[in-house]
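Heads up, the thing below is written out as structure tokens.
Here, each number is a calculation from the coordinates, and none is a lab measurement. Because the structure is a prediction, the values reported are computed rather than measured. Because the Cβ atoms are built from the backbone with ideal geometry, glycine has one as well, and the counts that use them run over all protein chains shown.
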Amino acid sequence: MGEYDRYQSPLSSRYASDEMQFLFSPQHKFATWRRLWLWLAESERELGLPVTEEQLSEMRDHLDDIDFARAAELENKLRHDVMAHVHTFGERCPAAMPIIHLGATSCYVGDNTDVLIMRDGLKLVRARLVAVIRALARFAGEHAAQPTLGFTHFQPAQPTTVGKRACLWLNDLLLDLDELEFVMNSLLPLGSKGTTGTQASFLELFDGDFEKVCALDAKIAEKMGFDRCVPVSGQTYSRKTDARVVNVLSAIAQSAHKFSNDIRLLAHLKEVEEPFEKNQIGSSAMAYKRNPMRSERIASLARYLIVDAANPAITAATQWFERTLDDSANKRIAVAEAFLACDAILSLYLNVAQGLVVYPKVIEKRLRAELPFMATENIMMDAVKRGGDRQELHERIRLHSIEAGRIIKLEGGENDLLARIAADDAFGVTEDELNALMDPRAFIGCAAMQTERFLAHTVTPLLARYPDEDASADIRV
């Protein structure tokens, strides 16, 4: 079969970056297995087992030159992927063949590799996430004081600012970053635990010396870049580890989905749009359209990832005793695709956040059309100060508002609420005086100051902890 005669995952062919795809590639996976076999042999030699420097040197010389065709041939014969790669490696390293995988079980390479890949995957996700936070922070700062109509239930509500709304998106991402850091920093490798987690094979190798067994775990952990291994396990690390990691990715997807919803609604209102390129086609039929396709793709991939997070959770819940293999096929799909999907989501999010287009005139027009309704409480309070009856004025405003709303909704007319109030002697105010009160900035409360304070006191110090790296490379939009 040719390249176009078999299924291709869209996560690979369309969405995820080359960097993330490499982490979950066969080359990276099996080269990491070989490094783990090297680290095991090095540690065993350091603790006195008969492993020679010649054997180690031979292994070091063949860490990356993997004969995948030979490995596939051996796996078809042996029906065991780990042993197929043991023999493939051993054929490259005949002197080292007798000590490759010494004392270990399959999960030594499988589980430790998974943890190393997840750690590196989280680092890449973190870089993408920080880049999005940085882009949104710039956007929020630029539009901190730009009044805009607020919405509750997608109905007009008290005004806020464009920058303050962006801070809501930012705050969700800060929660995600905090959770990502916690989970990444608490990741631990399996180490060398043996077939049921008792380390019996290593106790035998070290003639009953439990301290050397513990030292082997410590040495392997150090070579992998960790300060320790999991303290207790069955044959595998707890599958709750996978669930914790993918839950972090799901949380990021939740935040991104919320952002994409808001952008799509704002695009409908023609207030804020995602970037739209000169030659981009919005619709194959309707040439005038500027569909928010990036935001829609974010939502689509986010839904997939949110649902995918149930896979590791169910896998963790249904394991039996010290080991069962019904996790393997599921986790190699669910975990990898969660990372690929999250990578694609954040790449899209960054592209949109860096290119958001704001239309202040449209924002102002909609805000001014609704502002008279929101100013009625202030108008009523001023009339009370001049001697009016609060209850009577409240009823009059209610009736005027209903009639103004009828004109807008049933007749398609303009909002004439201010004219109605000015014509009512109970309020003792002219229409010019009322219009003078209609400055949108008077109705945004602390939104601009909250934005500036949030950026200065929370976001900027956080970003200072991370290098200003370019996380936009290889983005597929």
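Annotations
- Principal-axis tilt of helix 26-46 within the chain, Cα atoms, nearest 10 degrees: 50
- Angle between the chain longest axis and helix 240-269 axis [Cα atoms, degrees, rounded to 10]: 30
- Between helix 210-224 and the chain there is an angle of about 50 degrees, using the helix long axis and the longest principal axis of the Cα atoms.
- Cα centroid separation, the range 204-240 to the range 31-56: 15 Å.
- For the chain, the mean residue ellipticity at 222 nm estimated from helices alone is -20000 deg cm²/dmol, where every DSSP H run of n ≥ 4 contributes -39500 (n - 2.57) and the total is divided by all residues, rounded to the nearest 500.
- Dipole moment magnitude, nearest 20 debye, the range 376-477 about Cα centre, only Lys, Arg, Asp, Glu C-beta charged: 360
- Computed 3J(HN,Hα) for the range 230-237, one whole-Hz value per residue from the Karplus formula 6.51 cos²θ - 1.76 cosθ + 1.60 where θ = phi - 60°, is 4, x, 8, 7, x, 5, 10, 5, glycine and proline marked x.
- As a proxy for reagent exposure, ranking TYR237, TYR4 by other Cβ atoms within 10 Å from fewest up yields TYR4, TYR237.
- Distance between the pseudo-spin-label points of GLN8 and ARG70 (7 Å out from Cα toward the beta carbon): 3.0 nm.
- Taking the fewest neighbouring Cβ atoms within 10 Å as the starting point, the ordered list for CYS167, CYS229 is CYS229, CYS167.
- Scalar couplings 3J(HN,Hα) for the range 53-69, obtained by applying the Karplus form with A = 6.51, B = -1.76, C = 1.60 to θ = phi - 60°, are 5, 4, 5, 5, 4, 5, 5, 4, 6, 9, 6, 10, 8, 8, 8, 5, 5 Hz; x denotes Gly and Pro.
- Cα-Cα pairs of the range 379-430 separated by more than 12 Å (percent): 62
- Couplings 3J(HN,Hα) of the range 432-445, computed from phi: 4, 5, 5, 4, 5, 7, 7, 8, x, 5, 6, 10, 8, x Hz, in residue order, whole Hz [Karplus 6.51 cos²θ - 1.76 cosθ + 1.60, θ = phi - 60°; x for Gly and Pro].
- Neighbour-count order for GLU403, GLU411, GLU44, GLU19, fewest beta carbons within 10 angstrom listed first: GLU411, GLU403, GLU19, GLU44
- For the range 343-414 and the range 149-172, distance of Cα centres in Å: 13
- Charges were assigned to the Cβ only: +1 to each Lys and Arg, -1 to each Asp and Glu. The resulting dipole of the chain about its Cα centre is roughly 940 debye.
- Surrounding net charge for LYS385, when Lys and Arg each add one and Asp and Glu each subtract one, Cβ distance under 15 Å: -3
- Less than 5 angstrom separates the built amide H of THR161 from those of THR148, all sequence-distant by 5 or more or on a different chain.
- 20 °C / 1.002 mPa s Stokes-Einstein diffusion coefficient of the range 37-192, Kirkwood radius on C-alpha pairs, µm²/s: 107
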